[in-house]
Structures are given as structure tokens and as C-alpha cells.
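Everything on this sheet refers to the single structure shown next.
The values are calculated or read from the model by the stated rules, or taken from the named source; none is laboratory data. Bear in mind that the values here come from a model prediction, so they are computed numbers and not experimental data. Backbone-built Cβ (ideal geometry, glycine too); neighbour counts: all protein chains shown.
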Amino acid sequence: MFFKKNTTNSSSYTPSLAEQKQYWEKRWERSRIPNAWQLRRGEAILTLLRSLGLVHPKILDLGCGTGWFTDQLSHMGEAIGIDLSETAITLASSQFPHVAFMSGNLYEIPLLPEQFDVVVSQEVIAHVDDQTRFLERIAYTLKARGYLVLTTVNRFVIERTNQPPESPEHIKQWLTVKAIKRLLQPNFHVLDMTTVIPMGSRGLLKLVNSYKVNAALRRLFSRARLDAIKEWAGFGYTRIVLARKK
């Protein structure tokens, strides 16, 4: 992850870059391997990228964490991973020495104009202060008509899910579909938008994810099919956006 200055949704407190960096250093130190949610999200992104029919693209994994997904992207083309956390990049470089990694602030790392065919950015945009500038930076380094795969927490779902309190250094600016489209509009065409990982326990999602309701529906649909329907309906925890630079 990489930010400059920031605010959270729930507080006027503005963590410094050093405080944000410290948060992510600790986060990646204890989260060295991907969990089931991250693997599911990664699988969906790879499926999406394969559908584009790209031939050995140059790919930037922006907010690469410990690099496990950058490694997977490297099997599709030339992949580079960037993250604010030096801890994450040290781990990534030691585990995947064949992949190029860099640590640093996104806004200060030298990126060439129109350098990449694809930028993948998982769960980053909600954690930066200036979301517009973040997307402008991506557009700058993407080639003409290059692709952006962006993932972020689905605001509709997280607002209906019980979440433990987090450190104030963890910036959270959850986005609606409308807000995502508004942010992308100046530089990108949105080609596709879907969700993965159905969950939620309040409001409408209490019914959608009810054990009794789902047990009854599984007489008609497999669990995988039922999850796919929920994801299509927008009830997945993570929203995945495919966009193309104008």
C-alpha cells in the first residue's frame, strides 16, 4: 500500500505517512501468505485477464503486498510489484526472486508514461487519501487503451457486515458503484463490474445469507451456483472492476 496524507471515514484524525507505513509493516509481517478470500479474488482476476487475450503484456501490480499475486501475474507476462511496505517487498523479493519489486510511495516512485499494458490494484483505492490522484497516476503509466483491474471493498456489503474496530492509521474510504464510476470517468471506460465472496448479516443481506433460506435454495442450486448468483447480484464482499484507458 502507499499513501500520502489521509483521513478515515469515521475520524478527522490524519495519520502521517510514517504512521500509515508502520501500520502496513506490521500488517504484512503477520499476513505473509494469502488467505482464502485473497485466493478467491486472485482467481477471479486471473480469469478476467485471460479473457482479454493479451500476448505477454507488461503488468504493474500496484499495492502488491508480499508478492504472491505478482508471481502469478508473471506467468502471463512481465510483472512488476510495488508496495509502500519495505517488509512486504523484502518478503516478496526473497520468495519470488525472478520478479521485480519496488517499495515506496506511489506518488514519488518514478513511473514512465504509457509503460504498462495492464495495472492490477487490489484493495488499495479505499485506503488512499486522494483517490482521484491515485487513478490519474495509474492512467499516466498505462499505455493507450491499456487495462485497469481494480478491486475494493463493496460498500453495500461492508455496511451490512459486523467488523472489528481498526487502527486509525488504517484509512478506509469505502466506495459505492456510483462513486467508482465517477472517479474512473475522466480517464477510463468501465467495461465490467462484478463482486466475489458473498457475505453480510444485516438488512437485506440477513435474508440473502440466511442459513434456512440458503438450505432451501440448495435443493435447486449447488452452493457454487448460489454463490455465483449472489456475486452477480452485487452481494459479494469485494467488487472487481475492469476498465480501459480512454
Worksheet, complete the sentence: Picking from Tyr107, Tyr140, the residue that is among the hydroxyl-bearing types (Ser, Thr, Tyr), at pLDDT below 95 and over 30 Å from Asn209 (Cα atoms) would be Tyr107
Response to the item:
Counting only residues in segment 95-142 that are of a type in the set (Val, Ile, Thr) and in a helix (DSSP H, G or I), the one farthest from the chain's Cα centre (by Cα) is identified as Thr141
Item to complete: Tell me, yes or no, whether segment 184-192 has at least one residue that is of a type outside the set (Gly, Ala, Ser) and assigned to a helix (DSSP H, G or I).
Response: yes
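Every residue, every condition in (1) among the charged types (D, E, K, R); (2) farther than 30 Å from Ala18 by Cβ, yes or no:
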| position | (1), (2) |
| --- | --- |
| Pro168 | no, no |
| Lys172 | yes, no |
| Lys178 | yes, yes |
| Gln185 | no, yes |
| Phe188 | no, yes |
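Can you find a residue in segment 158-172 that is in a helix (DSSP H, G or I), aliphatic (A, V, I, L, M) and loosely packed, with under 14 Cβ neighbours inside 10 Å?
No, segment 158-172 has no match at all.
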Practice prompt. Taking Phe101 as the residue in question, decide whether it is aromatic (Phe, Trp, Tyr) and under 23 Å from Ser74 (Cβ atoms).
Written response: yes
Worksheet item: If you scan segment 10-33, which residues turn out to be buried (at least 16 other Cβ atoms within 10 Å of the Cβ) and either in a loop (DSSP other than H, G, I, E, B) or without any contact (Cβ under 8 Å) to a residue 12 or more places away in the chain (or both)?
Response: Pro15
Practice prompt. Please list, ordered by first then second residue, the pairs with beta carbon atoms under 6 Å, 6 or more apart or interchain, first in segment 181-196 and touching a residue at least 24 places away in the same chain (Cβ under 8 Å) and surrounded by 18 or more Cβ atoms within 10 Å (Cβ to Cβ), second of a type outside the set (D, E, K, R) and assigned to a strand (DSSP E or B).
Written response: Leu184/Val190; Leu184/Ala243; Phe188/Ala243; Thr195/Asn154; Thr195/Gly236; Val196/Gly236; Val196/Thr238
